[in-house]
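The values are calculated or read from the model by the stated rules, or taken from the named source; none is laboratory data. In this text the structure is predicted, and so the values were computed from the model without any measurement. Methodologically, a virtual Cβ is constructed for each residue, glycine included, from the backbone with ideal geometry; neighbour enumeration extends over all protein chains shown. Side chains included, ligands, DNA and RNA excluded: accessible areas come from the protein's heavy atoms. Shrake-Rupley method; radii C 1.70, N 1.55, O 1.52, S 1.80 Å.
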Amino acid sequence: MKKKEENKLKHPKILIGVFILLMIILAFITVPHDVLDATDIKDYTDTAKFFAGDYAAKQRASHSILYGLMLSPYVALTDSFFLIKFSSVFFLILLILSIYYISGKDKRTLILALFLPLIWYVTPWISPVPLSALLFLWAYYFIDKYNKDSKETDKGKIRYLIYSGLLVGLASAFWTTVLYLSFFFLITFFYNKKFYSTWIFLLSLFVGFLPALIVDQMVYGFAFYSLIKHISSAAIFFLYNGTYNQGFSSTILDRIIVLIFVPFYSYLLLKKENFVKNKAIVVFLVLTLLFILTNPQIRLLLVIAPIILILIGNKLSDKQFKIQIIIFIILSLLVITPYVIQGIYEIENGKYLQTAITEFNSLNLNYPPTEKIIVKDLEKIEKDYANEIFVVGNNNDDYRYLAHLYWGDQLKEFVSIEDYNLYLENNSEIIKKRISSRAKIEERREVWIEIGIGKNSNDKTDYEAIKYAISLEEDIDLEGFELVKEYDKLRVFEKA
């Protein structure tokens, strides 16, 4: 009882308040003129900007648009990304408070959560990962109560099962990757349960996932659009190296970096007494970690790290606690270093710690940042070529870069060079793949499935009226376009 009282923090509000202020400052100073350009971030920022009515291009996202849509009113309110720069901070605060509450207000667990490097790693990211991690933590809390609360009647415990399913579904609605993790969730928590409990959980999960389906039905006219697109994209990357054969590779170094960010004393959970007591969740954590290592990214660990802290927080000896805190402080300082640098300079090929390490040999510091120069170029182009539509190249998605940075209203639209070439070819098909049975015997028939990506059949862009193109390079890969004006970073070409 005395030890339990010692682990209670006398003034947690002050400590939490100090760390909240530091998180806000970090989010504010990281790329103050824009947002951190990290993995998937533009999927959410540009979606928010599009639905706020400030995006001079067609919307394109590889993930669910639900999170970006939720943030769009804050973009509309400020005509900038300023407010949504703090979106992750808000959900991370709730995550830290949840860890503290679920741990029984344990002092050590709170301190571990505040120093957790993953918290500082994702603070400047505009991403649904913190929100989904928060929802998933509470899903674990309720499934744990469902399994352990012997005081509740079977009927009373069902509500915990429903809450857990709803939260996993909602977390998946914002971030589809959680849907894959729900498979491990089912295996580990329901393998020895009555069959009806699995169906109650799955039905609750489906209800929680409904917001994503409803939004897709309203926006795309097809409720499963984002889900099928995401799964298909993952399959194409795995089988064919991506739509444009851009490939995806992860190295041993990537995996080592991810493993370093797993709390060091997580291995205590594998000890016999701890494993027997928490068998289901430990197996889930191991399976999830193995899954993360197939696509090793530090940010993905945020889903399981809070659960690990809750399980080990009060099991650490004084020495172990101090060692873990020292490790966390060192990693946190390493994590925030690229962000502090980007308060002034642009870091090429190293926007965040993982890329800064893996791309160390190609790191460059630029001042002023490229984005600032391009914004000024766009302001000049706005004056010189008002009310025009521009093809943007030479990369297919360069138009997104300009649409992300442009906040004016005088340039009508930025068009992908890929879409413009499809128009010239009178073609709407970007790519298609056919999976066939290809029988090795003399079978008369063959079964096949075909899936593809193409231009929107409701494309309303007036391609015939396009007279100008913008390139981020020295030339433009379009016949009949000649250079007419050079700016600091951008070049404008005119159709002859």
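Remarks
- Taken together, the criteria place F390 among residues that are out of contact with any helix residue (DSSP H, G or I) (no Cβ under 7 Å at 6 or more places or on another chain), among the hydrophobic types (A, V, I, L, M, F, W, C) and either modelled with pLDDT of 85 or more or on the phi > 0 side of the Ramachandran plot (or both).
- Scanning the stretch 300-324 for residues that are part of a helix (DSSP H, G or I) and either among the polar types (S, T, N, Q) or under 15 Å from K107 (Cα atoms) (or both) yields P306, L309, I310, L311, I312, D318, Q320, F321, K322, Q324.
- Restricting L309, L333, L300, L365 to residues that are of a type outside the set (F, W, Y) and touching a Phe, Trp or Tyr at 6+ places or on another chain (Cβ under 7 Å) narrows the list to L365.
- Inspection of the stretch 126-139 finds no residue satisfying the criterion of being more than 17 Å from the chain's Cα centre (by Cα), free of Cβ contacts under 8 Å to residues at least 40 places away in the same chain and open to solvent by 50 Å² or more (accessible area, probe 1.4 Å).
- Subset of the stretch 264-287 [more than 12 Å from L311 (Cβ to Cβ) and under 25 Å from the mean Cα position of the chain (by Cα)]: F264, V283, V286, L287
- The single residue among M1, M70 that is open to solvent by 10 Å² or more (accessible area, probe 1.4 Å) and either at pLDDT 95 or above or closer than 30 Å to S457 by Cα (or both) turns out to be M70.
The rows are residues; the columns are (1) touching a residue at least 40 places away in the same chain (Cβ under 8 Å); (2) of a type in the set (A, V, I, L, M, F, W, C); (3) touching a helix residue (DSSP H, G or I) at 6+ places or on another chain (Cβ under 6 Å).
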residue: I29; (1), (2), (3): yes, yes, no
residue: H33; (1), (2), (3): yes, no, yes
residue: D40; (1), (2), (3): yes, no, no
residue: Y44; (1), (2), (3): yes, no, yes
residue: K49; (1), (2), (3): yes, no, yes
residue: D54; (1), (2), (3): yes, no, no
residue: A57; (1), (2), (3): yes, yes, yes
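- The C-beta contact set for the stretch 359-386 (first residue under 23 Å from K467 (Cβ atoms), second residue among the charged types (D, E, K, R), distance under 6 angstrom, 6+ apart or interchain) comprises I374/K489; D377/D488; D377/K489.
- Pair list, Cβ < 7 Å and 6+ apart or interchain, from the stretch 427-452 residues that are outside any strand (DSSP E or B) to residues that are of a type in the set (K, R): S428/K455; E446/R438
- Of all the listed residues (F209, F184), the sole one being touching a residue at least 40 places away in the same chain (Cβ under 8 Å), within 24 Å of K279 (Cα to Cα) and part of a helix (DSSP H, G or I) is F184.
- Members of the stretch 299-345 that are within 20 Å of K85 (Cβ to Cβ), touching a residue at least 40 places away in the same chain (Cβ under 8 Å) and open to solvent by less than 20 Å² (accessible area, probe 1.4 Å): R299, L302, S332, V335, Y339, Q342
- Test for A57: is it in contact with a Gly (Cβ under 9 Å, 6 or more places away or on another chain) and either assigned to a loop (DSSP other than H, G, I, E, B) or over 30 Å from L378 (Cβ atoms) (or both): no
- Looking only at the stretch 109-137, residues that are part of a helix (DSSP H, G or I) and under 25 Å from A48 (Cβ atoms) come to 14 in all.
- Members of the stretch 182-227 that are surrounded by fewer than 13 Cβ atoms within 10 Å (Cβ to Cβ) and under 25 Å from the mean Cα position of the chain (by Cα): F183, M218, G221
- All told, G68 meets the bar of being assigned to a helix (DSSP H, G or I) and touching a residue at least 12 places away in the same chain (Cβ under 8 Å).
- Hey, K145 in contact with a Leu (Cβ under 8 Å, 6 or more places away or on another chain), open to solvent by 10 Å² or more (accessible area, probe 1.4 Å) and modelled with pLDDT under 95 or not: no
- Exactly one residue out of E486, E479, E442 is more than 34 Å from the chain's Cα centre (by Cα), open to solvent by 60 Å² or more (accessible area, probe 1.4 Å), of a type outside the set (A, V, I, L, M) and modelled with pLDDT of 95 or more: that is E486.
- Options E446, E494: the member that is closer than 28 Å to I231 by Cα, of a type in the set (D, E) and in contact with a strand residue (DSSP E or B) (Cβ under 7 Å, 6 or more places away or on another chain): E446
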